Amino acid sequence: MPSSLAPASDLVLCLAGPTAAGKSASTLALAERWPLEIVNVDSATIYRGMDIGTAKPSRDEQARVPQHLLDILDPVQSYSAAEFRTDALRLIGEIRARGRIPLLAGGTMMYYKALRDGLDDLPQADPALRAELEARAARLGWPALHAELAALDPATAARLAPNDSQRIQRALEICQLSGQPMSALLQRAHRKPDDDANRYLTISLEPSDRAALHARIEQRFDAMLRQGLIDEVRRLHARPDLHPGLPSVRCVGYRQMWAHLDGEIDLDTAREQGIAATRQLAKRQITWLRAQPERVIVDCLAPDAVARTIDAVAAALAA
């Protein structure tokens, strides 16, 4: 029976962690104890028809606890951090109005940052310029564009991998549109906007052993393949309006299977690259979390990780 204990009116609980940390199991356990509604903080589960590769909550799991921001877009569409922020703030208010507790859960750290810190004063996306950059990358390769970025904005280039196409594209776009390096604009960005009076408490599921998390990631990726990941991507691949430049197709796991279906790599290579990309994603997620000074850490590899998560939430709600 869910507890009637409610948090302070301005407290927002966040359950964050790297991929394969066990966020879904903890979320469902929390929903059995408190009257929660989940706001998914995930840039992949927003897409319809992308279920297996995103580890989207099953229909049974969705029936057990109300969940928001799932299946809200077609894969041909895009969704910005600004749109997430607007939607999340609206949902937090609506959930509280129903007398329930909002719990943000997921691993898209850019969304957490946009919500908690506000949005940077950066130029909006320019579809024509993006198409031009993608065309140049197709001819020259993303490492060549990364080298161009290093000349324009060395601070940003230094933290990006040479094949990090999405971020290189955005950084070059900002340089060309604003005439200034993205790093300089970010330094001047303000924090905590006036339209968000919430307090955010992050419960962070982090691994005590990185190798053990890597093993989990490999096991989960193989499970996705057994569940039909290739067929799921094949259905997307058959659509003439979808292509590798879209954010949906660039999602980890999908872009590697897409390359396989394009005949660029064999299945074993796609699997290896998918696992490696997922591990790199987890590394970035952990690095971001460890930079957050105010978080409650739960070892996601501990046998009692779910129980520890429940205890952390209970302490937060009782404070």
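Scan segment 28-49 for residues that are part of a loop (DSSP other than H, G, I, E, B) and under 18 Å from the mean Cα position of the chain (by Cα) and jot them down.
Answer for segment 28-49, where residues must be part of a loop (DSSP other than H, G, I, E, B) and under 18 Å from the mean Cα position of the chain (by Cα): VAL41, ASP42, SER43, ALA44, THR45, ILE46, ARG48, GLY49.
Within segment 278-292, identify whether any single residue is outside the structural domain of ARG167 (by the TED database), farther than 30 Å from ASP153 by Cβ and of a type in the set (Val, Ile, Thr), and answer yes or no.
no
For residues in segment 297-319 being of a type in the set (Gly, Ala, Ser) and not in a helix (DSSP H, G or I), which is surrounded by the most Cβ atoms within 10 Å (Cβ to Cβ)?
Selected residue: ALA302.
Of the residues that sit in segment 259-274 and are out of contact with any Lys or Arg (no Cβ under 9 Å at 6 or more places or on another chain) and under 30 Å from SER26 (Cβ atoms), which one is least open to solvent (accessible area, probe 1.4 Å)?
Looking at residues that are out of contact with any Lys or Arg (no Cβ under 9 Å at 6 or more places or on another chain) and under 30 Å from SER26 (Cβ atoms), I get ARG271.
Restricting attention to segment 226-252, report how many residues are under 19 Å from GLY22 (Cα atoms), open to solvent by less than 70 Å² (accessible area, probe 1.4 Å) and not in a loop (DSSP other than H, G, I, E, B).
Of the residues in segment 226-252, 0 are under 19 Å from GLY22 (Cα atoms), open to solvent by less than 70 Å² (accessible area, probe 1.4 Å) and not in a loop (DSSP other than H, G, I, E, B).
Looking at LEU133 and the list (1) under 24 Å from GLY179 (Cβ atoms); (2) at pLDDT below 90, which single condition is not satisfied?
Here LEU133 clears every test but (2).
Taking only pairs six or more apart or across chains, which ones have beta-carbon atoms under 6 Å, a first residue in segment 272-289 that is more than 15 Å from TYR111 (Cα to Cα), and a second residue that is assigned to a helix (DSSP H, G or I)?
GLN273/GLN256; GLY274/PHE221; GLY274/GLN256; ILE275/GLU218; ILE275/PHE221; THR278/ILE217; ARG279/HIS214; ARG279/ILE217
Mind counting the residues in segment 36-66 that are free of Cβ contacts under 8 Å to residues at least 40 places away in the same chain and of a type outside the set (A, V, I, L, M)?
Final tally of qualifying residues: 10.
Do the conditions hold for ILE52, that is, is it part of a loop (DSSP other than H, G, I, E, B), β-branched (Val, Ile, Thr) and modelled with pLDDT of 95 or more? It would help to see each step written out before you state the result.
On the way: part of a loop (DSSP other than H, G, I, E, B): yes; β-branched (Val, Ile, Thr): yes; modelled with pLDDT of 95 or more: yes.
Yes.
Can you find, within segment 61-100, the residue that is farthest from ASP10 (Cα to Cα) among those that are in a helix (DSSP H, G or I), open to solvent by 40 Å² or more (accessible area, probe 1.4 Å) and of a type in the set (Lys, Arg)?
Filtering first and then ranking leaves ARG64.
Given LEU36, LEU28, which one is within 28 Å of ASP231 (Cβ to Cβ) and open to solvent by less than 50 Å² (accessible area, probe 1.4 Å)? Break it down into steps so the answer makes sense when it comes.
Values: LEU36 fails: within 28 Å of ASP231 (Cβ to Cβ).
Of LEU36, LEU28, the one residue that is within 28 Å of ASP231 (Cβ to Cβ) and open to solvent by less than 50 Å² (accessible area, probe 1.4 Å) is LEU28.
Where in segment 103-220 are there helices (runs of 4 or more DSSP H), lying fully within it, with 3 or more residues that are free of Cβ contacts under 8 Å to residues at least 60 places away in the same chain, surrounded by fewer than 16 Cβ atoms within 10 Å (Cβ to Cβ) and in contact with a Leu (Cβ under 9 Å, 6 or more places away or on another chain)?
Those helices (runs of 4 or more DSSP H) span 165-178.
Pairs under 8 Å by beta carbon, first residue free of Cβ contacts under 8 Å to residues at least 12 places away in the same chain and over 11 Å from TYR111 (Cα atoms) in segment 69-96, partner outside any loop (DSSP other than H, G, I, E, B) and of a type in the set (Val, Ile, Thr), six or more apart or different chains?
Close Cβ pairs satisfying both conditions: none exist.
The values are calculated or read from the model by the stated rules, or taken from the named source; none is laboratory data. Since the structure is predicted, the reported quantities are computational estimates derived from the model, not experimental observations. So basically every Cβ, Gly included, is an ideal-geometry build from the backbone, and we count neighbours across all protein chains shown. All accessible areas refer to the heavy atoms of the entire protein, side chains included, with ligands and DNA or RNA removed. Shrake-Rupley method; radii C 1.70, N 1.55, O 1.52, S 1.80 Å.
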